[in-house]
Amino acid sequence: MVLDAQNSKISINGCILIAPSELVSDPVVSKRHPIHHMTWLYFLTQINTFDVFVDASVNCRPTGHSSFSDKVRVPAGAFGHAPPIVPRDSERGAAPWVTTPCAAPRPVPAVSCDRAPFSTCPGTMASSEDDGAVDEKETNNRRRNRGAIATAWLTFYNIAMTAGWLVLAITMMRFYLQKGTHRGLYRSIAKTLKFFQTAALVEVGHCAIGIVRTSVIVTGVQVCSRIFMVWFIASSIRQVQSEESVILFLVVWTVTEISRYSYYTFNLLHQVPYFIKWARYNLFIVLYPLGVVGELLTIYAALPIVRRTAMYSLRLPNKYNVSFDYYYFLIIAMLSYIPLFPQLFFHMLRQRRKVLHGEVIVEKDD
Ligand SMILES: CCCCCCCCCCCCC[C@@H](O)CC(=O)SCCNC(=O)CCNC(=O)[C@H](O)C(C)(C)COP(=O)(O)OP(=O)(O)OC[C@H]1O[C@@H](n2cnc3c(N)ncnc32)[C@H](O)[C@@H]1OP(=O)(O)O
């Protein structure tokens, strides 16, 4: 990929993306942040505000929309200091790319954001003469657009969750140091764990109302699978509580959540210590598989108990005339890790590339 700051061009895979002339002639675009505004332009395109032209004369891969059927990655470091914007699925326009130069670009609306009212919105363009001031203004715009109440709530939520998981970590360490065994450890933390893990349901709401830019589905799968582990396995089946696998996923979750929520907190305050960012976006590479192993081994250990006791199962005949076998449900739950876990893991790998390597990753829906 080639960035041509002077001519406001981004060339990806040999295809050159050119800004509509209105934007190129904008003094801010042409003099100050040409490439930065190309990012805006690019994403505005995703919400159908502009056309972006792909110069078909330049050795483009297959013409038409399919020329961008792969991922298009743009290193965000090239766009100045403003953080990259990744559009949510719903914002990716149906056919934003054109492969031949069009007629005049559509007029630029004053505010071009069609996102949820609290969301970060790339709607305004800075016009200050000073580079730093321009970036500052844009950062402030993003902050303002999320809304002070939403930011205050997220900060409170993340601090509370960091504190909760720290309490869990300290309780577990103290228990182990005092008793020298993991037996009984789960019971000592069960209430706190249930409270803080269940509170994570709020995060699905954050995504749904658009105050954080994460998919509801990804967050929903992650949070619900954890809640299921806590309420319907570890807390319901006492016999599994002393399994080593329970301790494995508890330790893994605790380390993950302390680094995750503290990262979010510092991120909201715009002061992230590097080691926290590093921990958030590297530890999961080891912790995620370990967590999955812990969870699966625990469910596996629960299977014979569930079969013996027929817990949470409904046998026919009954007044509802339905049958449900929790044993088979657990087997299906275990199998569902096969398609679902890779999705979460690769989502995190993409987040990692975005945050640590400054790549904006846009996946074409088609
Ligand atoms: C009911 C029957 C169930 C049957 C079972 C089904 C099985 C399914 C398989 C599931 C396997 C799960 C295994 C798992 O439980 C094991 C483990 O967790 S092991 C530990 C390792 N795990 C992890 O590291 C994942 C931890 N979880 C997460 O990271 C999130 O939940 C996840 C949704 C996976 C990813 O988070 P997100 O998409 O939000 O990524 P980022 O953290 O990079 O954030 C993106 C941007 O959003 C901002 N953000 C997000 N949340 C907040 C917040 N609370 N406050 C403020 N800001 C937030 C974040 O800052 C990013 O913003 P920006 O782009 O501006 O930087």
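For the range 191-257, the Kirkwood estimate of the hydrodynamic radius, built from every pair of different alpha carbons, is 12.8 Å.
Close amide-amide hydrogen proximity is noted between Glu359 and Ala76, Lys354, each under 5 Å apart and 5 or more residues distant or on a separate chain (H modeled in the peptide plane; Pro and chain starts excluded). Shown is the FRET efficiency for Thr214 and Val167, computed with R0 = 25 Å from the Cβ-Cβ distance and rounded to the nearest 0.05: 0.50.
Legend: calculated FRET efficiency, Val286 to Tyr320, from the Cβ-Cβ distance at R0 = 35 Å, rounded to 0.05, equals 0.20.
Taking Cα centre as origin and charging only the Cβ of basic (Lys, Arg, +1) and acidic (Asp, Glu, -1) residues, the dipole magnitude of the range 195-315 rounds to 200 debye.
Calculated FRET efficiency, Ile159 to Met334, Cβ-Cβ distance, R0 = 35 Å: about 0.50 to the nearest 0.05.
For the range 291-366, the residue among Ile305, Tyr337, Leu356 whose Cα projects farthest onto the positive side of the dipole built from Cβ charges is Ile305.
On a per residue basis, the range 301-349 carries 67 Å² of accessible surface, using protein heavy atoms and a 1.4 Å probe. Positive end of the dipole of the range 162-218 (Cβ unit charges, origin at the Cα centre): among Ala200, Tyr176, Leu166, the Cα lying farthest that way belongs to Tyr176.
Taking every protein chain into account, the 1.4 Å probe leaves Arg353 with about 60 Å² of accessible area, to the nearest ten. When the surface is traced with a 1.4 Å probe over the full set of protein chains, Thr181 keeps roughly 50 Å² accessible. A probe of 1.4 angstrom, applied to the heavy atoms of all protein chains, finds Ser215 with accessible area near 40 square angstrom.
Given their separation in residues at 0.36 nm each and the Cα-Cα distance between them, Phe346 and Ala310 gain 9.3 nm when the chain is fully extended.
Ranking Glu243, Glu359, Glu257 by solvent-accessible area of protein heavy atoms (1.4 Å probe, all protein chains present), from largest to smallest, gives Glu243, Glu359, Glu257.
Other residues lying with their Cβ under 15 Å from the Cβ of Leu287 contribute a combined charge of +2, Lys and Arg counting +1, Asp and Glu -1. Using a probe radius of 1.4 angstrom, the carbon and sulfur fraction of the accessible surface of the range 160-240 is 68%.
The values are calculated or read from the model by the stated rules, or taken from the named source; none is laboratory data. Model, not experiment: these values are computed from the prediction. When we count neighbours, we look across all protein chains shown, and the Cβ atoms used for this are built from the backbone with ideal geometry, even at glycine. With ligands, DNA and RNA removed, areas are computed over all heavy atoms of the protein, side chains included. Shrake-Rupley method; radii C 1.70, N 1.55, O 1.52, S 1.80 Å.
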